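This report refers to the structure that appears directly beneath it.
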Amino acid sequence: MQGSGFGARIIGGLSSSYSKATTLQLCVQPSPRISNAVVEPYNAVLHHGMPLAGGNRSGCTFLFQNEASYGVCSNKLDIQLPSYEHVNSIMAQVASSLTSSLRFAGALNVDLSEFQTNLVPYPSLRYPMTSLAPLMSAEKAYYEHVSVADITRQCVEKDYQLACCDPMRGKYMACCLLFRGDVSPCDVSSAMRTVKHMKSVRFVDWCPTGFKVGINHTTPSILPKSHMAPVSRSACMLYNNSAINETWADISRQFDMMMHKRAFVHWFVGEGMEEGEFSEAREHIACIQKDYEEATADTVLDDAGYGDEQDEEY
């Protein structure tokens, strides 16, 4: 769970002990309207606001939000009162897709190290988001058939995102689509051509082709108590998009309101922290937001072929 000091300590220890190994982290971000701890904004900012130096950070951090997952459970899986068990089952499917290449042979497998190489254009922009398709209840599976084109299109739609932001409002810097089950390379190529021409899918001008594809022919498994329907094929999309700044803005706003009154700070100071660490972490989050804005700004080439960034309003 995001904000866990113990979890952050483990990640830091692993990164320090295995500095040359690829470290992937799955983080659950606090949501503005669904929270089980008052100090979650502090925890999130302190966790992600640590400097990159010292080898204590993961190379790639996949972000989830409970609020988005709860919405998927209610709207797509027809669960009236979603629980953490339902939310965790969705995240388990994403984790299974990430590691499927380690466990099964495939036509086009993606190694774990390739996620960091292809999804993180700059060290500070290491926060890809995820989506999963198809998402349907067991009852709907009897009369709904989803093709490769369908699940590919669903992956870029807002309703299938597992973070509370709309990728249509930002720009993609990189994208990786992991297909599982009854999927042929020809169908994938056709679906990818369609997605690339969708107006809602906008890539930065310095990386116009940014799709990477993985194909694994092992059908995805469903947990016994899960409300998700068993399907013959699925797709998991991992993408780095500037729309994530909406998430950073929500967390920063909550952090600033509490920090303005110094609320609950004494508990952290009593455990050995210094108040200056709060300001340092908040400044680092602001730098991450600025880096995302600058990376997705339009680039204008001069006569010598060198680019100058030009801001764009959304």
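Of the residues in region 96-114, how many are in a loop (DSSP other than H, G, I, E, B) and either small (Gly, Ala, Ser) or open to solvent by 50 Å² or more (accessible area, probe 1.4 Å) (or both)?
Here the count works out to 6.
Name the pairs: first residue in region 145-160 and closer than 21 Å to Pro185 by Cβ, second residue among the aromatic types (Phe, Trp, Tyr) and surrounded by 16 or more Cβ atoms within 10 Å (Cβ to Cβ), Cβ to Cβ under 6 Å, at least 6 apart or on different chains?
Gln154/Tyr160
Table: residues versus (1) closer than 28 Å to Thr23 by Cα; (2) crowded, with 21+ Cβ neighbours inside 10 Å; (3) of a type in the set (S, T, N, Q).
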residue	(1), (2), (3)
Gln116	yes, no, yes
Ser124	yes, no, yes
Tyr127	yes, yes, no
Cys165	yes, yes, no
Phe179	yes, yes, no
Cys207	yes, no, no
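Can you tell me how many residues within region 167-177 are open to solvent by 10 Å² or more (accessible area, probe 1.4 Å) and either part of a loop (DSSP other than H, G, I, E, B) or among the aliphatic types (A, V, I, L, M) (or both)?
2
Please find, among Leu112, Leu162, Leu135, the residue that is modelled with pLDDT under 90 and closer than 22 Å to Phe62 by Cα.
Within the list Leu112, Leu162, Leu135, the selection yields Leu112.
Looking only at residues that are in a loop (DSSP other than H, G, I, E, B) and basic (Lys, Arg) in region 194-208, which one is modelled with the lowest pLDDT?
Lys199
Among the residues of region 45-56, is there at least one that is of a type in the set (S, T, N, Q) and in contact (Cβ under 8 Å) with a residue 60 or more places away in the chain?
Within region 45-56, none of the residues are of a type in the set (S, T, N, Q) and in contact (Cβ under 8 Å) with a residue 60 or more places away in the chain.
Are any residues in region 130-166 hydroxyl-bearing (Ser, Thr, Tyr), touching a strand residue (DSSP E or B) at 6+ places or on another chain (Cβ under 9 Å) and either under 26 Å from Ala297 (Cβ atoms) or assigned to a loop (DSSP other than H, G, I, E, B) (or both), and if so, which ones?
The answer is Thr130, Ser131, Ser147.
Give Lys196, Lys225 a once-over and let me know the one that is out of contact with any helix residue (DSSP H, G or I) (no Cβ under 9 Å at 6 or more places or on another chain), under 30 Å from Asn109 (Cα atoms) and open to solvent by 10 Å² or more (accessible area, probe 1.4 Å).
The conditions single out Lys196.
Just checking: which of the helices (runs of 4 or more DSSP H) contained wholly in region 211-302 hold 1 or more residues that are under 24 Å from the mean Cα position of the chain (by Cα) and among the charged types (D, E, K, R)?
In region 211-302, the matching helices (runs of 4 or more DSSP H) lie at 245-260, 276-295.
Among the residues of region 239-250, write down those that are touching a helix residue (DSSP H, G or I) at 6+ places or on another chain (Cβ under 8 Å) and open to solvent by less than 10 Å² (accessible area, probe 1.4 Å).
Tyr239, Asn240, Asn241, Ala243, Ile244, Trp248
Just for region 56-95: of the residues that are open to solvent by less than 10 Å² (accessible area, probe 1.4 Å) and not in a helix (DSSP H, G or I), which one is farthest from Cys236 (Cα to Cα)?
The qualifying residue farthest from Cys236 (Cα to Cα) is Ser58.
The values are calculated or read from the model by the stated rules, or taken from the named source; none is laboratory data. The shown structure was predicted, so the numbers you read here are calculated from the model rather than taken from an experiment. With ideal geometry, Cβ positions are generated from the backbone for all residues, glycine too; neighbour counts draw on all protein chains shown. Quick note on the areas: whole protein, heavy atoms, side chains included, nothing else; ligands and nucleic acids left out. Shrake-Rupley method; radii C 1.70, N 1.55, O 1.52, S 1.80 Å.
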